[in-house]
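Quick notes on the structure that follows.
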Amino acid sequence: MDGLGFATGDAVVVTGAGSGIGRATAVMAARSGLDVGVWDLDAGAAEAVAGEVGELGRTGVACTVDVGDTAAVDAAMAATTASLGPVRYLVNNAGPPSTAPLGFDDAVRVCVGSVRAVTEAWLASGAAPDAAVVNVASIAGNLIATDSDWYTTAKAAIAGYTRYLAVKRADRVRANAVAPGFVDTPRMRASGFADSEVGRAMIERIPLRRVAAPEDIAGAILFLLSPLGGYTNGVVLPLDGGGTLAQ
Ligand SMILES: NC(=O)c1ccc[n+]([C@@H]2O[C@H](COP(=O)([O-])OP(=O)(O)OC[C@H]3O[C@@H](n4cnc5c(N)ncnc54)[C@H](O)[C@@H]3O)[C@@H](O)[C@H]2O)c1
């Protein structure tokens with residue numbers, strides 16, 4: 001058992017685990033004694049992170065899956081549980097960037113429908129007792145609005161689905177969400193936002209005077225999943241360095 005109370009050898013599935021917040025969560029989970037289902041669209045990235053999990057002495061199972069494809073999600077859950085046994089923990093992190101050229105209906109289906117599809121497949125797979133899920137929302141849609149109509153809408157809907165799980169499915173699962181602000185991930189770096197005028201002004205307003213590292217988000221996710229966070233249910237935790245309060 002580690003400091004968070006995880007039983008060594010319990011398993012977690014992390015979606016979008018090939019990069020950024022998902023990768024940091026998978027690696028931190030392995031350090032906390034968990035075996036990890038490393039799910040990602042990108043096969044090479046999933047294999048690489050599963051390798052990192054292995055180097056930490058835990059089992060990493062790479063799964064190439066588009067979480068927007070329900071049949072693929074069901075197959076991935078079957079393959080993961082065949083390798084790892086019942087999976088006690090789930091992190092729904094995968095999702096397209098807000099700049100993706102997607103139509104509203106498709107984007108909401110992929111962003112929110114996927115969170116529901118993965119969660120239902122996981123619960124149907126016999127998620128172990130004391131199961132817990134953390135969904136990755138955003139301050140977008142929950143505390144602020146952004147330029148993308150579908151991103152803002154989808155992230156708010158993920159918070160709503162989290163509250164539904166926390167109250168109506170509490171017999172099966174404890175559910176929480178994180179709402180990151182600005183996180184220094186490959187996606188964010190590629191956007192060049194930190195160097196833009198708007199980005200620089202935003203960072204200046206963050207009381208902690210920096211953007212989040214992926215590990216800042218992973219640490220909160222691990223706490224919310226863990227037995228130490230066992231009475232935390234239904235929260236949407238802002239992780240923005242206090243930036244939203246200071247606007
Ligand atoms: N970076 C930020 O500032 C920030 C802020 C708030 C919320 N978020 C949320 O955090 C999550 C992770 O973002 P990130 O910045 O770490 O991104 P990232 O691009 O670094 O990593 C995302 C990973 O998810 C995978 N992925 C994307 N769509 C997928 C799909 N349909 N099926 C399976 N895998 C898929 C990608 O291949 C990639 O490896 C997203 O849900 C994002 O909306 C990010």
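At-a-glance table
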| read-out | value |
| --- | --- |
| Separation in nanometres of the label points that stand 7 Å from Cα toward Cβ, at GLU52 and ASP184 | 1.5 |
| Gain in span if fully extended, ASP105 to ASP2, counting 0.36 nm per residue against the direct Cα distance | 32.8 nm |
| Using θ = phi - 60° and Karplus 6.51 cos²θ - 1.76 cosθ + 1.60, couplings along region 137-142 (whole Hz; Gly, Pro as x) | 9, 5, 5, 5, x, 9 |
| Per residue value of the accessible surface for the chain (all protein chains in place, 1.4 Å probe), Å² | 44 |
| Peptides ranked, highest mean first, by Cβ atoms within 10 Å: ranges 29-37, 41-49 | 29-37, 41-49 |
| Rounded Å value of the spacing that divides the Cα centres of region 53-93 and region 205-247 | 24 |
| ³J(HN,Hα) computed for each position of region 50-65 - Karplus, 6.51 cos²θ - 1.76 cosθ + 1.60, integer Hz, glycine/proline x | 4, x, 4, 4, x, 5, 8, x, 10, 8, x, 10, 7, 9, 8, 8 |
| Residue-averaged 222 nm ellipticity for the chain, from DSSP H runs of 4+ at -39500 (n - 2.57), nearest 500 | -13000 deg cm²/dmol |
| Amide H within-cut-off set for GLY37, under 5 Å, with H built and near neighbours excluded | VAL12, VAL13, VAL14, VAL61 |
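The values are calculated or read from the model by the stated rules, or taken from the named source; none is laboratory data. This is a predicted model, so every value here is computed, not measured. Backbone-built Cβ (ideal geometry, glycine too); neighbour counts: all protein chains shown. Surface accessibility is based on the protein's heavy atoms, side chains included, excluding ligands, DNA and RNA. Shrake-Rupley method; radii C 1.70, N 1.55, O 1.52, S 1.80 Å.
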